[in-house]
Amino acid sequence: MLKSIHHAAIICSDYTASKHFYTSILKLEIIAENYREQRDSYKLDLQLPDGGQIELFSFNNAPERLSYPEALGLRHIAFSVDCVESVKAYLLAEGIEVEPIRVDEFTNRKYTFFSDPDGLPLEIYE
């Protein structure tokens with residue numbers, strides 16, 4: 001029935017800053033960028049190397065997301081990487097704060113978290 005996750009949709013507060021973050025820092029490829037005049041909103045379609053996508057939306061006056069304490073619903077987006085240490089080092093060099101690397105107690109794989117410009121938790125998982 002379900003085969004994979006096609007995309008995750010993100011609403012941002014500062015379209016220019018988020019576009020820079022996801023394209024220049026995280027290096028996601030732009031598939032399409034559209035301005036939706038009736039909503040005064042941008043929609044940026046981004047692609048990961050495996051075909052997964054992120055839809056980045058800008059909406060005026062969107063309410064802030066609760067992160068702390070964590071609210072019900074989607075918790076974070078996790079990206080698969082070959083080496084958590086090297087990606088962490090890259091993010092730090094780009095001025096992105098990254099949590100200490102941890103090891104998943106069940107899979108014994110390394111992972112850590114960082115945030116996008118709006119504080120959305122993002123995970124890198126080896």
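Just a few scattered comments:
- Residue separation of Ala9 and Arg65 scaled by 0.36 nm, minus their Cα-Cα distance, works out to 18.8 nm of gained length.
- The range 61-126: chymotrypsin sites (Phe, Trp or Tyr not before Pro) in DSSP coil with no more than 16 other Cβ atoms inside 10 Å: Phe106
- With K and R counted +1 and D and E -1, the other residues having a Cβ less than 15 Å from that of Val103 yield a net charge of -2.
- Applying 1/(1 + (r/R0)^6) with r as the Cβ-Cβ distance of Leu72 and Asp50 and R0 = 35 angstrom yields a FRET efficiency of 0.80.
- When every Cα-Cα distance of the range 76-126 is counted in 5 angstrom steps from zero, the calculated P(r) takes the values 5, 22, 33, 27, 9, 3, 0 percent.
- Legend: P(r) of the range 1-71 from all alpha carbon pair distances, 10 Å bins from 0, whole percents, reading 18, 46, 30, 6.
- For Tyr35 and Arg109, a Förster radius of 41 Å and the Cβ-Cβ distance give a FRET efficiency of 0.55, rounded to the nearest 0.05.
- Nearby lysines by direct alpha-carbon distance to Lys43 (threshold 30 angstrom, same-chain neighbours under 8 apart not counted): Lys3, Lys19, Lys27, Lys88
- Longest stretch of the chain clear of exposed loop sites (trypsin sites (Lys or Arg not before Pro), DSSP loop, at most 15 other Cβ atoms within 10 Å, sites excluded): 28-64.
- Among the GluC sites (Glu not before Pro) within the range 31-93, those in coil by DSSP and having at most 12 neighbouring Cβ atoms inside 10 Å are Glu64, Glu70.
- Using alpha-carbon coordinates, inclination of helix 84-93 to the longest axis of the chain, degrees: 50 degrees
- Backbone amide hydrogens, once placed in the peptide plane, bring Tyr42 within less than 5 Å of Arg36, Ser58, excluding anything fewer than 5 places away on its chain.
Where a number appears in this text, it was derived from the coordinates with a stated rule and is not lab data. Please read these numbers as outputs of a predicted model, since none were measured by experiment. Every residue, glycine as well, gets a Cβ built from its backbone with ideal geometry; the counts of neighbours run over all protein chains shown.
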